[in-house]
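Peer 1: Here's a structure for you.
The values are calculated or read from the model by the stated rules, or taken from the named source; none is laboratory data. Quick caveat, the model's predicted, so the values are computed rather than measured. Virtual Cβ from ideal backbone geometry, glycine too; neighbours counted across all protein chains shown.
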Amino acid sequence: MSGFDWDEFKEYKKYNRKNDKLELAIDFIKSYYNIQSASSIFEILVNDEIGKMMLEKREISTPEGLENFMFLS
């Protein structure tokens, strides 16, 4: 996988009504990359500059933290 495709994300975002960008990014990764694992989603986000900022904003520093965010939001 080459990384987070921000151009495709922008298109995806046009047709989605979620306000939280991290929730939207997670949904996009699940849909576009067909990935369901919190660990894999975390790796994609933490290795992308903007994705990493989204995680840091919510003080998510581990895949477990992301999993909690995914199931509590």
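Residue-wise test of (1) surrounded by 13 or more Cβ atoms within 10 Å (Cβ to Cβ); (2) among the small types (G, A, S).
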residue: E11; (1), (2): no, no
residue: K14; (1), (2): no, no
residue: A38; (1), (2): yes, yes
residue: F42; (1), (2): yes, no
residue: N47; (1), (2): no, no
residue: E59; (1), (2): no, no
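Peer 1: Give E59, E49, E11, E67 a once-over and let me know the one that is among the charged types (D, E, K, R), touching a helix residue (DSSP H, G or I) at 6+ places or on another chain (Cβ under 8 Å) and on the phi < 0 side of the Ramachandran plot.
Peer 2: Working: E59 fails: on the phi < 0 side of the Ramachandran plot; E49 fails: touching a helix residue (DSSP H, G or I) at 6+ places or on another chain (Cβ under 8 Å); E11 fails: touching a helix residue (DSSP H, G or I) at 6+ places or on another chain (Cβ under 8 Å).
None of the other options fit; the residue is E67.
Residue-wise test of (1) modelled with pLDDT of 95 or more; (2) of a type in the set (D, E, K, R).
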residue	(1), (2)
Y15	no, no
K18	no, yes
I26	yes, no
A38	yes, no
E43	yes, yes
E49	yes, yes
S61	yes, no
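Peer 1: For the stretch 16-36, what are the residues that are of a type outside the set (D, E), within 18 Å of F71 (Cα to Cα) and either in contact (Cβ under 8 Å) with a residue 24 or more places away in the chain or surrounded by 12 or more Cβ atoms within 10 Å (Cβ to Cβ) (or both)?
Peer 2: Matches in the stretch 16-36: K18, K21, L22, L24, A25, I26, F28, I29, K30, S31, I35.
Peer 1: Let me ask something else. So which residues in the stretch 37-53 are of a type in the set (D, E, K, R) and either within 11 Å of M70 (Cβ to Cβ) or touching a Leu at 6+ places or on another chain (Cβ under 8 Å) (or both)?
Peer 2: Initial filter on the stretch 37-53 (of a type in the set (D, E, K, R)): 43, 48-49, 52.
The one that is of a type in the set (D, E, K, R) and either within 11 Å of M70 (Cβ to Cβ) or touching a Leu at 6+ places or on another chain (Cβ under 8 Å) (or both): K52.
Peer 1: For residues in the stretch 19-73 being β-branched (V, I, T) and either assigned to a helix (DSSP H, G or I) or under 16 Å from G3 (Cα atoms) (or both), which is nearest to the chain's Cα centre (by Cα)?
Peer 2: I26
Peer 1: Of the residues that sit in the stretch 7-18 and are in a helix (DSSP H, G or I) and over 11 Å from the mean Cα position of the chain (by Cα), which one is nearest to S73 (Cα to Cα)?
Peer 2: K13
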